[in-house]
1. At a Cα cut-off below 13 Å, give the aspartates and glutamates reachable from Lys220, other chains included and same-chain residues fewer than 8 away excluded.
2. Counting Lys and Arg as +1 and Asp and Glu as -1, what is the net charge of the other residues whose Cβ lies under 15 Å from the Cβ of Arg103?
3. Sorting check: for 207-217, 296-306, which peptide has the highest mean count of neighbouring beta carbons within 10 Å, and how do the rest follow?
4. Of the listed pairs Lys147/Lys329; Lys131/Lys260; Lys28/Lys107; Lys107/Lys128, which have alpha-carbon separations greater than 24 Å here?
5. Quick check: with the 1.4 Å probe, what order do Asp63, Asp281, Asp24 take by accessible area, largest first?
6. All other residues with a Cβ under 13 Å from the Cβ of Ala10 taken together, and with Lys, Arg as +1 and Asp, Glu as -1, what is their net charge?
7. Just the accessible area per residue of the chain, please: how many Å² with a 1.4 Å probe?
8. Using a probe of 1.4 angstrom, how much of the accessible area of the stretch 172-330 is carbon and sulfur, in percent?
Amino acid sequence: MAYKIGIVGAGGVAAIHAAILANDVRVKLQSYFDVDAARSQALATRFGGHAAGSLGQLLQESDAVLVCTPNTTHEEVATQILDAGKHVFCEKPFALNLDSATRLRDKVMRSGLLYQVGHNRRFAPVYKVLKEAIEKNELRPLSVHAKMNRGELVNPPWVWNAQLTGGFLYETPVHMFDLMIFFFGKVEWVQAGARAHDHGELDDFSILLSFESGLQATMKTYAHASWHFPFERFEVYGMHSTYETFEMESISFTTGLESKTTTYDFSLTGMHEQWGYIEEDRLFVDALEGKSRVAVSAEDGYQVVQLIEACYQSAKNGSRIHVNALVGKT
Ligand SMILES: NC(=O)c1ccc[n+]([C@@H]2O[C@H](COP(=O)([O-])OP(=O)(O)OC[C@H]3O[C@@H](n4cnc5c(N)ncnc54)[C@H](O)[C@@H]3O)[C@@H](O)[C@H]2O)c1
């Protein structure tokens, strides 16, 4: 019997998930709810299912719910879904401050329900190559530089508004923080400098991250570059080895002083696969089937929020911040 999926928020990213899940025979796209009813109807017409008249109706008729609403609504909407006893997939960010992240993580743990956070980049082919090299010990990271710029804070139309995004780091660079922990483990402390260039929020960060393993990484992120490549890149250095990603299109590596360079090029794979969306959705349905644990847990989401909060604190008071010293109120 197919799992009945509801989708809350019927904008850009909801259309991506609906397109992917419409091709999964284990799933029935049941209903959509958006505060703009025309948007729910548009997704129902494109991908099947129907527009629900309320969130309550959607919850009644779904086994699991995808949350694709703006960042500020995630905790509230996810909480209503958990209270209804339904499994959750919620887009990034997990939460917008430590209190919220702590409340939500603890609620998920008490509920016994599945909760997957939408950190899709873990499943992008370029990042899977990098992760596998680290896991197989083909690459022992000793030094790292990462960058994630945005071209603009214009699309979608609320993305410039820190009251709605939670702040620039919670919007796009949030993916990089998740990857940092995913690849290199827990961060011990951060030291960040930041400036504001537009809209009055900090939108240009230079960050030093020191991991519990002793590894150090630098990260640069700026909101108003352009979409000129490169805007997203990891450079990971081992002993006489270099791995370098180019957006999510390709990864090149050299594993010795005189060895050849290998490149895996994913530039012709469709965007849904290249950005990891297809695999993250498949893994969520696998978890619903009990085949595996959720691929990105509430605890993973919490750790990213903790790291981002440490970066903001460091940028604001100029000091080194120990990440684990930050705790939220329940
Ligand atoms: N993982 C990724 O790569 C990725 C990419 C894009 C967006 N996102 C995340 O997905 C979320 C949605 O982004 P988007 O680009 O699709 O935005 P969007 O503006 O295109 O869509 C959001 C939709 O939610 C609706 N909405 C707002 N509040 C609501 C509520 N309380 N209940 C029901 N519907 C509500 C809006 O009317 C709108 O249709 C954001 O949190 C964003 O950070 C993730």
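1. Reachable aspartates and glutamates: Asp203, Asp204, Glu232, Glu235.
2. Net charge in that neighbourhood comes out at -3.
3. So the peptides 207-217, 296-306, ranked by packing, come out 296-306, 207-217.
4. From Lys147/Lys329; Lys131/Lys260; Lys28/Lys107; Lys107/Lys128, over 24 Å: Lys147/Lys329; Lys28/Lys107; Lys107/Lys128.
5. Heavy-atom accessible area, descending, gives Asp63, Asp24, Asp281.
6. Charge balance near Ala10 sits at -1.
7. On a per-residue basis, 43 Å².
8. Carbon and sulfur: 51 percent of the exposed surface of the stretch 172-330.
The values are calculated or read from the model by the stated rules, or taken from the named source; none is laboratory data. Keep in mind it's a predicted model, so treat the numbers as computed, not measured. Heads up, the Cβs are rebuilt from the backbone with ideal geometry, glycines too, and the neighbour counts pull from every protein chain shown. Side chains included, ligands, DNA and RNA excluded: accessible areas come from the protein's heavy atoms. Shrake-Rupley method; radii C 1.70, N 1.55, O 1.52, S 1.80 Å.
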